[in-house]
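A short worksheet on the structure shown next.
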Amino acid sequence: MVTEIRASNLGVCYGDIRIWKDINLEITEPGLVGILGPNGVGKSTFMYTLNKILEPTEGDVTIGGKNVKELDYKDLAKIMAYVPQQSNETFAMSVLDTVLMGRYPISGFTTAEEDVKVATRCLKMMGITDLAMRNFNELSAGQHQKVMIARGLAQEPQILMLDEPTANLDIYHQIYVMKLLRDIAKEKNIIVLVICHDLNVASRFADRLILLSRGKIVADGPSKDVITAENIKQVYNMDSEVLMVDDRPYVIYHVDESIEMGQDTRYVNATEFQKKEHK
Amino acid sequence: MRYVMNFRGIIENIKGRASLSKTLVRAEGESDEEFVYREYKVARRSKLLFIFFFVLLFFILVGYKITLGEYDISFGDVYATIWKHITGTLDPSSAKEMMDDNVVWQQRMPRVLTAILVGIGLAAAGSAMQSMMKNPLADPYTTGISSGALFGATLAMTVGLYIVGGYYGRVLNAFIFALVPAIFIVMLSRWKKPSPAMMILVGIAIMYIFNAFQSYMMLRADPNSASAVFTWSVGSIGMTTWDQLPIIAVISIMGFAALFLMTRTLNALNSGDAYAKSLGINVDRVRIICLILISVVAAGIVSFTGIIGFIGLVSPHIARIFVGSDNRILLPSSALLGACMMLICDIVGFLIIGATLQIGIVTAMIGGPIFMIILIAQQKEVW
């Protein structure tokens, strides 16, 4: 059975700045769910509220029918795994030890053979088995990202959340990772939430897309309903043409050389919105 | 510079020999899982080998340290005497055995045990502190513990303000005031989440306040008590007796054990707060518990010995070069190394000047250059 995510009237403020308000969302079907939106719209914040890294200012989140507020961090860790956007290791361990960290909620004080085997399988999925004994700090940004995804997989969660997992990857690995995540979602019957900036990669692989802009959900549904020229214009202030490739939308941007900083919709409307929604 | 390079070469050489992972060849038909598990086991074994080496070094240092002094006793006799004392097989009719026992057990052992316990406590607290704060410069005194202790001791020794009289007046004063920064952070955490930076800054702020008051008291104090305060502040291990040792032992060993139980959590904290929370760790609570433990250990030690610097800072870094950053292995290794470093400093101090040299001076004199050599020589980015 799928562990469902429900958010009702969710709102978050950072101090006086409101990020979003009245987010109502239900994710009840397994599959790869992409979260899209411009920089600073609160995509990562949305993930944080789901697994209690951040307590929402108002509203509720329920995971598998239980309110997150009443769940312990420990209980949540057994259900959800989170893959951060950037690595933040001060004293780096070996790649294998880093991936084994993902076994924290499941395994005991000492590392069992089973844990190492699960970790190795995850490394293998990401194609980095040969890096197992290398020091994490010696790797490139793309390799870090692969290790962190492997670490998330090693947690064997019912809900997997990844914050821009493909940001540092080359196009081959972007596509590989998205395909892998979609297949894992299908195979294990789990929800995989992914924050993504590449509309075409997201469109090609996600079962459902959620487009955030200016503090609310602009569009939500299968990629052909979300990736439209109107939505792209409204959210990113970019002119584009949307073709259908393999029955999925494919965006061709019309690059305007006169593009200037501060012309995207977030900046144009942000102050007005934030003023209105002041806490 | 050549010696520095050599030092690096030696370490890399030892590491290369102990860790066979580079030469590990995959057996025919061996799966990825089996091969990586074998690599993992070899790496773990090489780390345990280092711990074994440190244990060996430790026992050699203990034996050698006890041989040093006016009364001549051989390395073999030291351990023979310790063995006989523990098993109760001393021969009361042998004057030499009784004399050996007296020298080893009554005169020299308290100092050696103090050195060991201080080393274990400070190094364990240091390595926990560095992981918890995600800061390679953190040491057990970072949050203002040493200045608090010094203030407390000064209060007892110059102004005569203490809760209980006598020797323990000073100790208790130092202990209580050393805990002030930690208590302040705990109280503050009720309405503000304690980030590592905040913990350090609160410590620094309290340090300045304590230092100002301490300087004032020193200026107003008579020269004798001022001199006594100064001597205390440098840190010495020569004054502890068998009566005080159990207290230091409980603080140091229990603190070490408690911190050891937190090592897996400390590993997770190392990957950042957001990720640690997603692994099921109540980061704010863990940080507070850890801070309290570290403060109690460091304050307990400081209040008996005075401020012994560098052990808590340097031991974890040296241990990290050999065993890596997994706190489950790092913490015990650096504790062991801390004990060894205390013994080495005590031995060096004795060989140069004699038993009267304050160990705090030696640890800083030796620890400083060693730390610098490690920083310059390290090839891999361990931190």
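Read-outs: derived from the displayed coordinates by stated rules, not from any lab. Being a predicted model, the structure only gives us computed values, none of them experimental. We place every Cβ from the backbone using ideal geometry, glycine too, and count neighbours over all the protein chains shown.
Just rank B:Ser225, B:Ser93, B:Ser295, fewest to most, by other beta-carbon atoms within 10 angstrom.
Neighbour counts put them in this order, fewest first: B:Ser93, B:Ser225, B:Ser295.
Charges on Cβ only, +1 for Lys and Arg, -1 for Asp and Glu, centred on the Cα centroid of the protein assembly as shown; of A:Gly11, B:Ala299, A:His197, which one is farthest towards the dipole's positive end?
Value computed over the given set: B:Ala299.
Given Cβ point charges of +1 (Lys, Arg) and -1 (Asp, Glu) and nothing else, what value in debye, to the nearest 20, does the dipole of the range B:110-377 about its Cα centre take? Show your work: numbers first, answer last.
Working: 13 positive and 7 negative charges, 133 e Å.
Roughly 640 debye, rounded to the nearest 20.
Report, in deg cm²/dmol and to the nearest 500, the calculated mean residue ellipticity at 222 nm for chain A, where each DSSP H run with n ≥ 4 adds -39500 (n - 2.57) and the sum is divided by the residue count.
-10000 deg cm²/dmol
Residues with beta-carbon under 10 Å from that of A:Leu131, excluding A:Leu131: net charge, scoring Lys, Arg +1 and Asp, Glu -1?
0
With equal scatterers on the alpha carbons only and no solvent term, can you work out the Debye log10 of I(q)/I(0) for the range A:34-149 at 0.16, 0.17 1/Å?
Debye curve over Cα of the range A:34-149, log10 I(q)/I(0) at q = 0.16, 0.17 Å⁻¹: -0.90, -0.98.
For the range B:87-196, what does the alpha-carbon gyration tensor say about shape, rounded, prolate or oblate, given a ≥ b ≥ c as the root eigenvalues, a/c under 1.5 as rounded, and a/b over b/c as prolate?
oblate
Is the shape of the range B:278-383 best called rounded, prolate or oblate, per the rule: a/c under 1.5 gives rounded, else a/b larger than b/c gives prolate, else oblate, with a ≥ b ≥ c the square roots of the Cα gyration tensor eigenvalues?
oblate
List the relative contact order of the range B:110-377 as a percent without decimals, with contacts defined as Cα pairs under 8 Å and 6+ residues apart.
Once normalised by length, the contact order is 35 percent.
Given B:Ser233, B:His317, B:Val202, which one lies farthest toward the positive end of the charge dipole of the range B:110-377, if we put +1 on the Cβ of every Lys and Arg and -1 on the Cβ of every Asp and Glu?
The residue sitting farthest along the positive end of the dipole is B:Val202.
Using Cα pairs closer than 8 Å and at least 6 residues apart in sequence, work out the relative contact order for chain A, in percent.
Over chain A, the number comes to 23 percent.
Can I get the semi-axes of the range B:189-331's equivalent ellipsoid? Compute them from the C-alpha gyration tensor as square roots of 5 times the eigenvalues, in angstrom, largest first.
Working through the eigenvalues yields semi-axes of 32, 21, 14 Å.
So, counting K/R as plus one and D/E as minus one, what does the shell of residues with Cβ under 14 Å around B:Leu245 add up to?
Values: positive: B:Arg108, B:Arg111; negative: B:Asp243.
Around B:Leu245, the charge tally is +1.
Modelling each spin label as a point 7 Å along the Cα-to-Cβ direction, I'd like the B:Ala249/A:Glu230 distance in nm, to one decimal.
If labels sit at B:Ala249 and A:Glu230, their model points lie 8.1 nm apart.
Tell me which aspartates and glutamates have Cα within less than 13 Å of A:Lys188's Cα, excluding those fewer than 8 residues away on the same chain?
A:Glu29, A:Glu156
So, counting K/R as plus one and D/E as minus one, what does the shell of residues with Cβ under 12 Å around B:Phe304 add up to?
Local charge sum for B:Phe304: 0.
Considering only B:Pro246, B:Gly272, B:Met365, whose Cα is most displaced toward the positive end of the charge dipole of chain B, charges sitting on Cβ of Lys, Arg (+1) and Asp, Glu (-1)?
Going by the Cα projections, it comes out as B:Gly272.
Excluding residues fewer than 8 places away in the same chain, name every one of the aspartates and glutamates whose C-alpha is closer than 14 Å to that of B:Lys65.
List returned: B:Asp77, B:Asp346.
Mind pulling up the Rg/Rh value for chain B? Radius of gyration and Kirkwood radius, both on Cα.
Value, to two decimals: 1.01.
How long is the protein assembly as shown along each principal axis, judged by its Cα atoms, biggest number first, in Å?
Principal-axis extents of the protein assembly as shown (Cα, largest first): 100, 68, 50 Å.
May I ask for the percentage of alpha-carbon pairs in chain A that lie more than 24 Å from each other? Don't jump to the answer; show the numbers that get you there.
Numbers: 20179 of 38781 pairs.
The share of Cα pairs beyond 24 Å in chain A comes to 52 percent.
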